[in-house]
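Q: Next up is a structure, given as structure tokens.
What follows is calculated from the coordinates using simple rules that are stated; it is not laboratory data. Source: prediction; values computed, not measured. Quick reminder, even Gly has a Cβ in these numbers, built from the backbone with ideal geometry, and neighbours come from all protein chains shown.
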Amino acid sequence: MKHIVLSLIISIAFFGCQSKLENEQTAISKLNIIYINVDDLGWMDTEVYGSSFYETPNITRLANMGMTFTNGYAGAANCAPSRACLMSGQNTPRHKVYTVGNSDRGNAKTRKIIPIQNTVFLADSIITMAEMLQKEGYVTGTFGKWHLGDDPRTQGFDVNVGGNHRGGPGPDGHFSPYHIGYIEDNQPGENLSDRLTQEAVTFIQQNKAKPFFVYLPFYDVHTPLQTSPDLKEKYTQKAGNEWQSHAVYAGMIETVDRNVGHILDTVEKLNLSNTLIVFTSDNGGIRDVSSQHPLRAGKGSYYEGGIRVPYIISWSGVIEPNTSSSTPISNLDFYPTCMELVDAEMPDKVLDGLSILPVLKGGTLPNRSLYFHFPIYLQAYAGVNDDARDSLFRTRPGSVIIDGDWKLHHYYEDDGIELYHLKTDLGERKNLANSNPQKRDELHQKLSGWIKSVNAPIPSEPNPAYDTSFIPPKKGTRY
């Protein structure tokens, strides 16, 4: 009898240990995910995408490891709505975060209609991508700008360093002492991106035996523009060009690149080859700081300069190194992509993107249109230098559809339609709405159908403060 009991105890212990080992092995075999989201980095602001002024060897290194997308888009043209699209997997009419703060931006006398009211933060009722990954057994950490609420730990993150409601680091905020919350000062003068990256590296080291999701949304290269004296001097001495020559901004980009290198080194050192790494930006760059030529306009505009962004994705052993894809993608696609990667099931979750896993494996996606809805106003940064539709606003209320090589804008103040063939006119300079009425009407019908399908609000109420006799301030004046 004693022998039977002893055998039973040994068997239970053996199978218990075996089960624990299998669980640990399963956890380790799950794909790790690192999503690097640079703030306001333009499409042309790295060597990978054609810059000859900014120096980004580590971003180039990442591109050599994986796939570069040439037709990648943000879900919106400025910070909060783009991040809400990413984290919710839903387009702006569903989460209703259309901009940062109030929607009635600019001088009231120059706004013809009443904009739709903005929702400032992402509702807790929306299950975020981070919450989905948490439920699938991932440990989640965010290191940097959140901008969708006060504390991302209420929206799916186990660890938060430096993320709250703030959209920027504040005056002198790229160096310690910090003003962003949920971060303690270590030493005066410490660089914020360096610190956030080190926190992310520590998180990876501590959780290397678990499946992890690292969200690294740098505050760089958002204003205020700040860099170290040595980097400023370096790029002051370096010859720029008519499109890119801002020495301080170049130093900020090099700081981001340096920290991308730290992440790549950490993944390599810890032998975490089963890791998907995404590098992108939340929206286009500020044109007056760094022109995205040949793209038109910049952050806040729904011309290409405001929504076309870099995407570089690596995944050792799956994504073919040093490849590129012209498949149009959006940050709305990463929620369904992550769901497929971790085999998550959420039958009631409404998603507006597609999983791009087939593309990462060398395949294709079904043909589809990309949609953008912005029923509000964004005032100008630098007047005519913004290269927008007019010098008073980066954009006025409107919606956009991109369908293959074609793009159509519909603006609601004047019922204006603009049609561009991006393959031959990437800079959106030649409006074909009148010369190609068939394509114009086809895309406008598609856009109208989508607007109805998502119940997108259309602003139409006249603004009583609008004054046709009002003479706006000088071009370039901010109000």
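Q: Once you've got the Cα coordinates, tell me which of K208/K269; K30/K210; K135/K361 are over 18 Å apart. Spell out each step's value before the answer.
A: On the way: K208/K269 11 Å; K30/K210 8 Å; K135/K361 26 Å.
Correct reply: K135/K361.
Q: Treating only the Cβ atoms of Lys and Arg (+1) and Asp and Glu (-1) as charged, compute the dipole magnitude of segment 170-281 about its Cα centre; round to the nearest 20 debye.
A: That gives segment 170-281 a dipole magnitude of about 320 debye.
Q: Hey, another quick one. Are there GluC sites (Glu not before Pro) in segment 230-268 that DSSP puts in a loop and that have at most 15 other Cβ atoms within 10 Å, and which ones?
A: Numbers: sites: E233, E242, E254, E268; in loops: E242.
When the GluC sites (Glu not before Pro) of segment 230-268 are filtered for loop state and at most 15 Cβ neighbours within 10 Å, E242 remain.
Q: May I pose another question? So what is the 222 nm mean residue ellipticity for the chain from helices alone, if each DSSP H run of at least 4 adds -39500 (n - 2.57) and you divide by all residues, rounding to the nearest 500 deg cm²/dmol?
A: Working: 12 runs with 139 residues, N = 479.
That calculation yields -9000 deg cm²/dmol at 222 nm.
Q: Which value, in debye to the nearest 20, gives the size of the charge dipole of the chain about its Cα centre, when Lys and Arg are +1 and Asp and Glu are -1 at the Cβ? Intermediate values should be presented prior to the final figure.
A: Values: 44 positive and 53 negative charges, 117 e Å.
Dipole of the chain, to the nearest 20 debye: 560 debye.
Q: Nothing charged except the Cβ atoms of Lys and Arg (+1) and of Asp and Glu (-1): what's the magnitude of the dipole of segment 276-424 about its Cα centre? Round to the nearest 20 debye.
A: Dipole size: approximately 320 debye.
Q: Can you tell me how the chain classifies by the Cα gyration tensor, rounded, prolate or oblate, using a/c under 1.5 as the rounded cut?
A: Prolate.
Q: Right, here's the next one. Can you tell which of V384, I417, W406 lies farthest toward the positive end of the dipole of segment 351-476, using +1 and -1 charges on the Cβ of basic and acidic side chains (Lys, Arg; Asp, Glu)?
A: W406
Q: I would also like to ask the following. Say the dipole of the chain comes from +1 at the beta carbon of Lys and Arg and -1 at that of Asp and Glu; which of Q155, A344, T110 then lies farthest toward its positive end?
A: Highest projection toward the positive end goes to T110.
Q: Find the centroid of the Cα atoms in segment 239-295 and in segment 50-103, then give the distance between the two in whole Å.
A: What the calculation gives is 12 Å, centre to centre.
Q: Hey, another quick one. Give the percent of DSSP beta bridges with both residues in the chain that are antiparallel, rounded to the nearest 5. Before the final figure, lay out the partial values.
A: Numbers: 31 of 54 bridges.
Counting DSSP beta bridges with both partners in the chain, the antiparallel share is about 55 percent.
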